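Colleague: To start, I am sharing the structure in question, which I have written as structure tokens.
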Amino acid sequence: MPFDLILRGGRVIDPSQKLDSTTDVAFAGGKVAAIGNGLKADAGTDVRDVAGHIVTPGLIDLHTHVYWGGTSLGIDAEEFCRTSGVTTAIDTGSAGPGNFAGFRKHVIEPSEVRILAYLHVSHAGIFGFSNRVMVGESEELRLMDPISAAEVADQNRDLIVGIKVRVGLHASGKSGIVPLEIALEVADQVGMPLMAHIDHPPPSYEEVVARLRPGDVLTHAFRPFPNSAATAQGTVKKVVLEARERGVLFDIGHGKGSFAFKTARALLANGFYPDTISSDVHALCINGPAFDQVTTMSKFLCMGMALPDVVAASTVNAAMALRRPELGSLKAGSVGDATIIDIKEGRFDYVDVVGEHLIGDRKIASEGVVIAGRWWHPG
């Protein structure tokens with residue numbers, strides 16, 4: 001089969017294959033076709049010289065809000081992905097069983113960017129999230145809709161990857177741990193993983209993490225005090241270590257209020273790296289402090305994570321969390337997505353959600369994306 005596209009001469013970093021070398025990547029029929037030196041182009045092959053750039057599997061942002069127009073926190077997925085190197089955006093609970101059909105028809109299906117979703121257990125998802133109105137959807141237990149959530153998740157398995165719930169003072173008020181228990185029932189019923197949001201107590205970090213099962217994801221895992229994963233002494237809480245041991249996954253979900261350099265320094269110093277790095281980009285944080293996926297990745301690069309580990313946390317690790325092994329890899333036969341990035345050197349000002357600044361010497365910049373085996377970025 002002739003190649004549709006060849007990315008020529010880039011530094012290919014693909015943690016799924018433990019690959020880090022200068023070589024070519026070819027695509028055909030919407031999939032990765034081959035990796036190797038001097039891959040042969042035909043007359044109709046689009047050849048892109050990416051020498052001096054880094055080629056990774058298409059970046060996966062495991063925590064976004066892209067139900068644009070359907071929720072006030074939603075952003076435009078294609079616009080965001082085009083500039084931040086993301087080829088798969090995972091929407092985490094913007095829609096619930098009462099409005100997922102609209103999300104599917106009006107946003108997901110027309111999108112050139114792949115959008116997958118965690119379905120919220122609350123009937124209308126995250127419906128009251130703006131600068132003027134802030135209603136925690138999990139606070140009102142009458143909105144919990146487990147029967148419909150199980151039905152909608154089962155009917156949309158091609159797009160729904162798990163169940164989402166938000167607990168904490170802002171999200172669930174005085175309902176405490178109850179929304180999490182309901183969501184876990186739904187996840188059990190449909191055989192899917194759960195993603196749990198956590199903010200201020202109640203419930204406590206310990207209560208939430210103790211209930212999560214292997215394969216479940218705790219997002220906002222590196223959030224500031226209160227409900228931090230780190231102790232006052234700078235160690236990792238025992239319940240967190242036990243959860244990782246049994247297979248619970250820890251995701252960043254930066255967002256407006258959920259990532260602190262202080263927490264990250266403590267966890268990284270203890271060798272506790274995030275399983276996945278995600279931006280939690282939405283209307284209230286896209287202009288700061290989260291900005292986008294590559295900015296969130298850059299923060300970890302500047303805090304000492306090796307580049308291949310940062311890439312893994314945004315590709316193969318995310319694909320495994322999603323149970324979609326065809327994503328996050330440049331193995332032949334994988335989905336034909338790739339991201340082209342550069343590492344800029346200089347002085348870059350990064351900020352976390354509590355206002356602490358970090359001056360970093362490197363910044364990951366998106367230079368282009370390949371989606372379904374075609375060069376998608378303009379130019």
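The values are calculated or read from the model by the stated rules, or taken from the named source; none is laboratory data. The model shown is predicted, which means the values in this text are computed figures rather than measured ones. Positions of Cβ are generated from backbone atoms using ideal geometry, with glycine treated the same way; all protein chains shown enter the neighbour counts. Protein only, heavy atoms only, side chains kept; ligands, DNA and RNA dropped before computing areas. Shrake-Rupley method; radii C 1.70, N 1.55, O 1.52, S 1.80 Å.
Colleague: Based on a Kirkwood Rh over C-alpha pairs, give the Stokes-Einstein translational diffusion coefficient of the stretch 269-317 at 10 °C and viscosity 1.306 mPa s in µm²/s.
Modeller: Answer, rounded: 141 µm²/s.
Colleague: If you roll a 1.4 angstrom probe over the protein chains with everything in place, what fraction of the accessible area of the stretch 91-193 belongs to carbon and sulfur, to the nearest %?
Modeller: 51 percent
Colleague: Name the residue, out of 11, 48, 104, whose mean-square fluctuation peaks in a Gaussian network model built on the chain with Cα pairs under 10 Å.
Modeller: Taking springs between Cα atoms under 10 Å, the residue moving most is 48.
Colleague: Is the shape of the stretch 253-379 rounded, prolate or oblate, going by the alpha carbon gyration tensor and its root eigenvalues a ≥ b ≥ c, with a/c under 1.5 for rounded and a/b larger than b/c for prolate?
Modeller: Here the stretch 253-379 falls in the prolate category.
Colleague: Here is a follow-up. Springs between alpha-carbon pairs under 10 angstrom, Gaussian network model over the chain: which of 305, 144, 195 fluctuates most?
Modeller: So, out of 305, 144, 195, the one fluctuating most is 305.
Colleague: Further question on the same structure: Quick one: P(r) of the chain from all Cα-Cα pairs, 20 Å bins, percents rounded to integers, in order of increasing distance.
Modeller: All Cα pairs, binned at 20 Å, distribute as 31, 58, 11, 0 percent.
Colleague: Using a Gaussian network model on the chain with a 10 Å cutoff between Cα atoms, which of 193, 224, 214 fluctuates the most?
Modeller: Of 193, 224, 214, the most mobile in the Gaussian network model is 214.
Colleague: From largest accessible area down, sort 242, 356; use a 1.4 Å probe on the protein chains.
Modeller: 242, 356
Colleague: Taking the mean number of other Cβ atoms within 10 Å as a proxy for protection, how do you rank 36-46, 331-341, 132-142 from highest to lowest?
Modeller: My ranking of the peptides, most packed first, is 331-341, 132-142, 36-46.
Colleague: Once neighbouring chains are kept in place and the probe is 1.4 Å, which whole percent of the accessible area of the stretch 201-285 is contributed by carbon and sulfur?
Modeller: Looking at the stretch 201-285 in its full context, I get 57 percent from C and S.
Colleague: I've got another one for you. What are the ³J(HN,Hα) couplings of the stretch 268-274, residue after residue, when phi is run through the Karplus curve with 6.51, -1.76, 1.60 and θ = phi - 60°? Round to Hz, x for glycine and proline.
Modeller: For the stretch 268-274, the Karplus-derived couplings read 5, 4, 8, x, 9, 8, x Hz, x marking Gly and Pro.
Colleague: So which of 299/344; 237/363; 18/262; 262/344; 174/238; 164/299 end up more than 21 Å apart by C-alpha?
Modeller: 237/363; 18/262; 262/344; 174/238; 164/299
Colleague: Per residue, what accessible area does the chain have, given a 1.4 Å probe and all protein chains present, in Å²?
Modeller: Accessible area per residue: 38 Å².
Colleague: Could you go through the stretch 14-22 in sequence order and give the Karplus-derived ³J(HN,Hα) for each residue, using 6.51 cos²θ - 1.76 cosθ + 1.60 with θ = phi - 60°, rounded to whole Hz, and x for Gly and Pro?
Modeller: 10, x, 5, 10, 6, 9, 8, 7, 8
Colleague: For the stretch 213-268, state which trypsin sites (Lys or Arg not before Pro) are in a DSSP loop and have at most 12 other beta carbons lying within 10 Å of their beta carbon.
Modeller: 246
Colleague: I've got another one for you. Give a residue-ordered list of calculated ³J(HN,Hα) values for the stretch 154-170 (Karplus: 6.51 cos²θ - 1.76 cosθ + 1.60, θ = phi - 60°; whole Hz; x for Gly, Pro).
Modeller: Taking θ as phi minus 60°, the curve returns 5, 7, 10, 5, 5, 10, 8, 9, x, 10, 10, 9, 10, 10, x, 4, 6 Hz for the stretch 154-170.
Colleague: Can you classify the stretch 94-154 as rounded, prolate or oblate using the Cα gyration tensor, where a ≥ b ≥ c are the square roots of its eigenvalues, rounded means a/c under 1.5, and otherwise it's prolate if a/b beats b/c and oblate if not?
Modeller: oblate
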